[in-house]
Amino acid sequence: MTSVSEGAAEFRRPSAAVPPGERGATRIADRVVAKVASQAAREAVGSVTDAARQYANVVVAHETARIRVHVELDYPTDIGARCAAVRRHVAERVGALVGMEVPEVAVHVERLHSAPVQGTAQGRTR
């Protein structure tokens, strides 16, 4: 190591560069992980009238994220299969985009929207 003296204080510069893996850490905020999870849930659900009602809550500890996603689904549908698809897609996307392990994705169905039947009148009828 070389040393540089400035008055009474002495500063030492390392002779070799610090490897990139040891320079510091990147911290991803919980709200960023929640936004990625809610977007992934929107992608998995597909056609829903108001996608703004879908959101996610996230708890991040170390390199793992536990996620709770709130969604709205069309009715009639296979709710179990749709929730499994949402769970799988959210875990894959958060893992790929954020680089965290996702051991748990809880899917909470907030509301079911009935699909309009073809050929029927919309709104009120007398």
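The selection criterion, being in contact with a Cys (Cβ under 6 Å, 6 or more places away or on another chain) and modelled with pLDDT of 95 or more, holds for Val107. Hey, does the range 61-68 have a residue that's among the acidic types (Asp, Glu) and modelled with pLDDT of 90 or more? No, that holds for no residue.
For the range 44-55, the criterion of being surrounded by fewer than 17 Cβ atoms within 10 Å (Cβ to Cβ) and of a type in the set (S, T, N, Q) is satisfied by at least one residue.
Out of the residues in the range 63-93 that are of a type in the set (A, V, I, L, M) and over 26 Å from Asp30 (Cβ atoms), state the one that is surrounded by the fewest Cβ atoms within 10 Å (Cβ to Cβ). Explain how you work it out, then say what you get.
Of the residues in the range 63-93, the ones of a type in the set (A, V, I, L, M) are 65, 67, 69, 71, 73, 79, 81, 84-86, 90-91.
Among the residues that remain, those that are also over 26 Å from Asp30 (Cβ atoms) are: 79, 81.
Details: Ile79: 13, Ala81: 9.
That would be Ala81.
A Cβ distance below 8 Å, combined with a sequence gap of six or more or placement on separate chains, defines the contacts here; from the range 15-34, residues that are within 25 Å of Val102 (Cα to Cα) reach residues that are of a type in the set (A, V, I, L, M) and assigned to a helix (DSSP H, G or I) in the pairs Ile28/Val98; Val32/Val98; Val33/Val94; Val33/Val98.
The values are calculated or read from the model by the stated rules, or taken from the named source; none is laboratory data. Because the structure is a prediction, the values reported are computed rather than measured. Every residue, glycine among them, receives a Cβ derived from its backbone with ideal geometry; neighbour counts consider all protein chains shown.
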